[in-house]
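As C-alpha cells, the structure follows; a few thoughts come after it.
No value in this document is a laboratory result; all are computed from the given coordinates. As the structure is a prediction and not an experimental result, all values here were calculated from the model. Here the Cβ positions follow ideal geometry from the backbone for every residue, glycine too, while neighbour counts run over all protein chains shown.
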Amino acid sequence: MPPKYIFVIGGVMSGVGKGAATASIGRILQSYGYSVTAIKVDPYINVDAGTMNPVEHGEVFVTDDGDETDQDIGNYERFLNIDINSVNYMTTGRVYQTVIAKERNLEYGGRCVEVVPHVPEEIIRRIKEAQRRAKADFTMIEIGGTVGEYQNILFLEAARMMKLERPKDVMFFLVSYLPIPKNTGEMKTKPTQYAVRTVNSAGIQPDFILARAERPLDGPRRRKLSIFCNISEDEVISAPDVDSIYKVPINFEAEGLGRKILKRFGLRARRHDLGVWSHFVDSLGKAEREVHIGLVGKYFASGEFTLSDSYISVIEAVKHAAWKQGLKPIIEWINAEDFEQRPANVKMLSKFDGIIIPGGFGSRGVEGKIRAIKYVRENKIPYFGLCYGMQLATVEFARHIAGLRNANTEEIDPTANHLVIHTMPGQERLIREKKYGGSMRLGAYDCTLAAGSITRRAYGKSEISERHRHRYELNNAYRERLRDAGLIIAGTSPDGMLVEIIEIKDHPFFVGTQFHPEFKSRPLAPHPLFMAFIKAAASSFVSTKKKHRAVRRKK
C-alpha cells in the first residue's frame, strides 16, 4: 500500500496535548497491525532543542544517534516502543540551514531560491525520508505551536502541498481546546471554530477534531463543531483530561477512532489488539502502597507556576518502575536553591523514600544539590544521580570522604584546587571557541559493568548501551584516590578511560550514572536501574516504618 501521512495540528493554545495525541493515534494504528513512525516539527530557528530554554520548552530528549530533540520524541518512543532517530526531528533552523547549503552548492540549477516553494519542498523531502528509513505504513507528523502563528505557516504549506499531491494518502487532525469559563459553566466551541477557519485559510480542512477539554464532549457541542467546522459528528472525538496520558489511546478507541481512520484511508484492520496496553492502563489505579520520591532540581519555576516538563523522562521512568512493582509513585519537586538559602531545610529530605538529582547545567542551585547528596548519603536514603547528579555526587564524596577540601567541577570553578570533574578531552577547544550547540558527547555509547556492583545486578549483564549528553567527566587523575576512599567505579567505557557509573558501599542504593537511563524507559518495559532504585526506595520505606513503630512501642 502507498504510505499514509497524518498531520497533527494544534488549535487555540499551546500545551494542548498534541504530542500525547500523536503518540496515541500511532499506538492505535499499531494495534491494527500497521507499522508507524512519528515526526516532530519545532518551528524555532534553533537548529536543535539543545540550546532551547528547558523551562520554556521542556526537556531536551536525546536519541540513540545523538540528536537533541523535543520532549515529544520521548513520548513517541514510549508509546510506540521504537527508537526514533534524528531524521524524525526538524526545526525551522534545520530546514533553512539545508536550503541555504543547497543554494551555495548550486543544487537548485541556477534558479532563484524562494521561501515558497523551496522551503516547503525541503520539509516534504524530510518527511518522506523519515518514512522511507522506517519503512512505515503510517507516518505521524506533529506540527509544533498553534495555527495562526507565523512560525509554523511554512510547515502548514508543506502539508497542503502533500495533500494536493497525494489526496488519498494524507489526513489532518486538529487538536483544539474547548474552555469552560467559570462564570458561565458552559463549554465553548467558538475558539475551535476560529481555529478551523484559520486552518482553512492555509488551504487545509481538518478530517478529525480532537476536542480537548476538562470534561468529555457532550452532544450539543459535538453538533455545533460538526456544523460550523464542516465535518461529521463522528469525526469530532472527545479528548477530556485524564490522570495519565497512557489512558488516551483507550479513550480514543472507545469512540472507534482507529477504524474511522482506516475507513477514511480505504484500509482494513490486519488485526486489533490493544490488550496488553489496556491491561497496563487498568493496573494504574489499583496500586495503594505509596513510594515517595523527591526530585531535587532547578528547572521548575516559571513565575508563579511550577512546571515539570523539564524532567518529563525522569518522571515517567519513576512511574514506569513504580507501577511495575505495584506501587503508587508520589513525586515532589524540590528547588535546590532552597537548601542554599536555608541549609537546615535539607532535613526535610528525611520524609522521602528516595531522592533523584537529574541532569542539568550551570551553577544555580549546585551547592544546594551537594548539601542534599551529603544528607541522603549520611542518612542512608536511596539516591539516584543522573549525569550532573553523578558528577555532583563525586564532588560531595571528594570533599567529605576523600578529604579533598574545596573539590569541585571545572564547570563551576575552573580555579578549584581539586577538579575531580573536568572537561572531556576534545571539548576544551569547542568551549574556547564558543561552539556549544550540538557539541557535547551525545547519543548511545557502550559501557562495561563491574562484577558485584548494584548496577551489574540490576541489568543482569555486563555490557550495556546508554544515551549521553555531557561535556564533563570524572577526572582520571583522581580515580585511584577516590577509589581508595571507598568510591566504587561500577561502570566504565569499554576502553576503561571514561567513568560511567559510581556507587558507594554500605548504602541501600547510592548510584550515579554519567548517562541518562531515563531516555530508554518504556511503560511496558521499565528501565532496570529505575526498577532497582524504586525497589530500594520501597524497602527503605518499609524499614523506616518498622523503626518508627518500634520507637512508639518502646514509649
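Among H527, H118, a tally of other beta-carbon atoms within 10 Å of each Cβ gives an order, fewest to most, of H118, H527. What residues from segment 35-70 fall in the zone where the backbone N is under 13 Å from a label point 7 Å along the Cα-to-C-beta line of S14? From segment 35-70, the list is 42-46, 52-59. Backbone N atoms of segment 94-126 closer than 17 Å to the 7 Å Cα→Cβ label point of E165 belong to residues 95-96, 99, 108, 114-126. At R0 = 25 Å, how high is the FRET efficiency between E149 and I431 if r is their beta carbon distance? Nearest 0.05 is fine. For E149 and I431, the calculated efficiency is 0.10. Note on the chain: helix-only mean residue ellipticity at 222 nm, from DSSP H runs of 4+ residues weighted -39500 (n - 2.57) and normalised by residue number, equals -11500 deg cm²/dmol. Hey, what angle do you get for helix 275-284 against the long axis of the chain, alpha-carbon based, 0 to 90 degrees rounded to 10? Taking Cα atoms only, the helix is inclined about 50 degrees. The trypsin sites (Lys or Arg not before Pro) of segment 1-70 include none that DSSP puts in a loop with a beta carbon having at most 12 other beta carbons within 10 Å.
So what's the angle, to the nearest 10 degrees on a 0 to 90 scale, between helix 190-201 and the longest Cα principal axis of the chain? Helix 190-201 sits at roughly 70 degrees to that axis. As a quick test, which of the pairs K135/K260; K4/K319; K374/K461; K298/K328 have an alpha carbon distance above 28 angstrom in this structure? Going by Cα-Cα distance, K4/K319; K374/K461 fall outside the 28 Å limit. Considered as an equivalent ellipsoid built on the Cα gyration tensor, segment 287-543 has semi-axes of 26, 21, 19 Å, the largest given first. From the alpha carbon centroid of segment 454-499 to that of segment 211-264 is 49 Å. Of the residues M140, G219, M13, the one whose Cα sits farthest toward the positive end of the charge dipole of segment 4-281, with +1 on the Cβ of Lys and Arg and -1 on the Cβ of Asp and Glu, is G219. Once the Cα-Cα distance is subtracted from the 0.36 nm per residue extended length, the I100 to K190 segment shows a gain of 28.3 nm. A convex hull fitted to the Cα coordinates of segment 386-499 yields 105 cubic angstrom per residue. Charges were assigned to the Cβ only: +1 to each Lys and Arg, -1 to each Asp and Glu. The resulting dipole of segment 287-543 about its Cα centre is roughly 240 debye.
Against the compact-protein benchmark of 2.2 N^0.38 Å, the Cα-based radius of gyration of segment 1-134 scales to 1.12.
Dipole check for segment 4-281: with +1 at the C-beta of Lys and Arg, -1 at the C-beta of Asp and Glu, and the Cα centre as origin, the magnitude is about 1200 Debye.
Let a ≥ b ≥ c be the square roots of the eigenvalues of the Cα gyration tensor of segment 327-433; is it rounded (a/c under 1.5), or, if not, prolate (a/b larger than b/c) or oblate? Prolate shape, in that a/c is at least 1.5 and a/b is the bigger ratio.
Sorted from greatest to least, the principal axis extents spanned by the alpha carbons of segment 132-182 come out as 47, 23, 21 Å. Based on every Cα atom in segment 4-281, Rg and the maximum pairwise Cα distance Dmax equal 18.5, 61 Å. Annotation: extensible slack from I330 through H272 equals 17.5 nm (criterion: 0.36 nm per residue apart, minus Cα-Cα distance). Farthest towards the positive end of the charge dipole of the chain, among the residues T37, M440, I381, is the Cα of I381, using unit charges on the Cβ of Lys, Arg, Asp and Glu. What do you get for the angle between helix 115-134 and the principal long axis of the chain? Use alpha-carbon atoms, 0 to 90 degrees, nearest ten. The angle comes out at about 60 degrees. Residue order for R467, R289, R111, fewest other beta carbons within 10 angstrom first, comes to R111, R289, R467. Based on the convex hull around the alpha carbon atoms, the chain presents an average projected area of 29.6 nm². About the centre of its Cα atoms, the chain shows a dipole size close to 1800 debye [charges on the beta carbon of Lys, Arg (+1) and Asp, Glu (-1) only; nearest 20 debye].
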